[in-house]
Amino acid sequence: TLDTRHLQQLDAAHHLHPFNDNAALAKRGTRILTRGEGCYVWDADGNQLLDAFAGLWCVNIGYGRKELGVAAARQMETLAYYNSFFQCTTEPTIALAAKLAELAPGDLNHAFFTNSGSEANDTILRLVRHFWAVQDQPRKNIFIGRHDGYHGTTMAGASLGGMKGMHQQGGLPIPDIHHIDPPFWFIDGGDLSPDEYGLVAARRLEDKILELGPERVAAFIGEPIMGAIGVYIPPMTYWPEIERICRKYDVLLVADEVICGFGRTGEWFGSQYFGFQPDVMTIAKGITSGYIPLGAAMFNDRVAWVLKEQGGELAHGCTYSGHPVCAAVALENIRIMQDEKLVETCRHDTAPYLAERWAQLGEHKLVGEARIAGMMGALELVPDKRQRRFFRERGSVGGVCRDHALAQGLILRATWDAMLLSPPLIISREQIDMLFARTWKALDATAAGLAA
Ligand code: PLP
């Protein structure tokens, strides 16, 4: 076993970290995590941390569930791998596809498996364009996403997303992808009520469709709640209006449920929280609670029928599409979620309690808005509580607050100056109280630093 310092040196020398300034990280020294149990993780120095971010929005059932290891081991011993290319597949793969069809809203009955959320979004870009092309509409190939949206890191995923920093690296977006402004009432809502603003923000989609021509627009893609940019929770009027617009122009509605899926909002899927029905959805993360990589694109009956009956051979797929070990782990994860009623407990008990405590954090002088939906929230840190505006040097405060939280034994993510929350769904009321106390202290320490 190597000591922490030595591991950090090797890490700095040989490991490029995603979404990091690697030079700065090498100087700071990487934190090395060694163990997890429930809502806690431990680092190599023995610090216990309350993980209020569930890894990266994904460890929904919490850490250390041995049943998932047992399911993986059993499948590895029985049949570690087979593909779904050679006119064959495996039992867990079929069972998972059927289980997802049962859970997914409406007639999203057909799963195409990938290794990640990014690949699921690549998949929908290609297969939705193919869907229109085989119906003699090859020009209907434009996707509309949103500025500041996040749909993953591959060429298609990062193009569908609207992160400027990502577009600047590698010459994105790829052609025929357009973006509209995201729904973010706190900054953009002016004097409108959130519900009025939700309609205004949604109608940007209609304007964009009309500008491009409905005969050219294949699909609109959005995260029900925009996660990575800072948990932008749209007003309840937003998604039903988006759905109405998509139906009007026969534009497919794609929900990227990579974060929101599998209970994050207190419903199985974010579309159920907001009351709309996607034609296509992408999932990953919570499908295995992050224990093993897996993603999927799910299609409704209409799209799947065309792909199957008219699409010919699907020229698309990964070696590990429908990997039996990943499928077995996903099935066990979903079994636990269902048997232990994790989504229901969240919806009726812990999420409302968390919302109460989160609103109390909203009273802190540094917090301009405390937004939350189910088990997904953000505290927007601001220079002046009476005004809805960012710090002049945006992003200068969030990282400081994140570090104060870590010093308190709490993991929160900072995006710009928003402190993001996404705990395991199993978080207890006592742990929510602990989360409250540690966050308040971190806010106090941050405010003291600003005043100094
Ligand atoms: N879509 C959303 C909404 C995400 O938040 C993410 C990852 O955070 C992705 C897609 C990409 O998923 P992955 O990192 O598994 O490729």
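Quick note: the coordinates plus some simple rules give every number you see, no bench work behind them. Owing to the predicted nature of the structure, the values given are computational and were not obtained by experimental measurement. Here the Cβ positions follow ideal geometry from the backbone for every residue, glycine too, while neighbour counts run over all protein chains shown.
Taking 0.36 nm per intervening residue step and subtracting the Cα-Cα distance, what contour gain separates Trp440 from Asp3 on full extension?
Working it through step by step, the gained length comes to 154.0 nm.
May I ask you to list the residues of the stretch 234-273 whose amide nitrogen lies under 18 Å from a point 7 Å from Cα along the Cα→beta-carbon direction of Leu192?
Counting only backbone N, you get 234-246.
Enumerate the lysines that Lys164 could reach by cross-link, defined here as Cα to Cα under 29 Å, with residues fewer than 8 away along the same chain left out.
In chain and number order, the partners are Lys27, Lys140, Lys208, Lys285, Lys385.
Which percent of Cα pairs goes in each bin when the distances of the stretch 312-416 are cut into 10 angstrom slices starting at zero?
13, 27, 23, 20, 14, 3, 0
What percentages, rounded to whole numbers, describe P(r) for the stretch 116-162 computed over all alpha carbon pairs with 10 Å bin width beginning at zero?
30, 47, 22, 1
Could you compute the FRET efficiency for Glu37 and Asp403, with r as their C-beta to C-beta distance and R0 at 25 Å, rounded to 0.05?
0.55
Which whole number in µm²/s is D for the stretch 1-140 by Stokes-Einstein, with the Kirkwood Rh taken over Cα pairs at 25 °C and 0.890 mPa s?
The diffusion coefficient I find is 125 µm²/s.
Principal axes first, then extents: for the Cα atoms of the stretch 67-339, list largest minus smallest coordinate on each axis, whole Å, largest first.
Sorted from largest, the Cα extents of the stretch 67-339 read 60, 41, 37 Å.
With 10 angstrom as the radius, rank Thr154, Thr34 by how many other C-beta atoms surround their C-beta, starting from the fewest.
The order, fewest Cβ neighbours first, is Thr34, Thr154.
Would you list Leu252, Leu103 from fewest to most Cβ contacts within 10 Å?
Placing the least packed residue first, the sequence is Leu103, Leu252.
Subtracting the Cα-Cα distance from 0.36 nm times the residue separation, let me have the gained length for Ala315 to Asp181 in nm, one decimal.
Gain on extension, Ala315 to Asp181, equals 44.9 nm.
Can you give the convex hull volume of the alpha carbon atoms of the stretch 54-203 per residue, in Å³?
Normalising the Cα hull of the stretch 54-203 by residue number yields 201 Å³.
Normalised by the residues of the chain, what does the relative contact order come to in percent, with Cα pairs under 8 Å and at least six apart?
Rounded, it is 20 percent for the chain.
Between His167 and Glu91, what length comes free when the chain is fully extended (0.36 nm per residue of separation minus the Cα-Cα distance, one decimal in nm)?
The span from His167 to Glu91 would gain 23.3 nm if fully extended.
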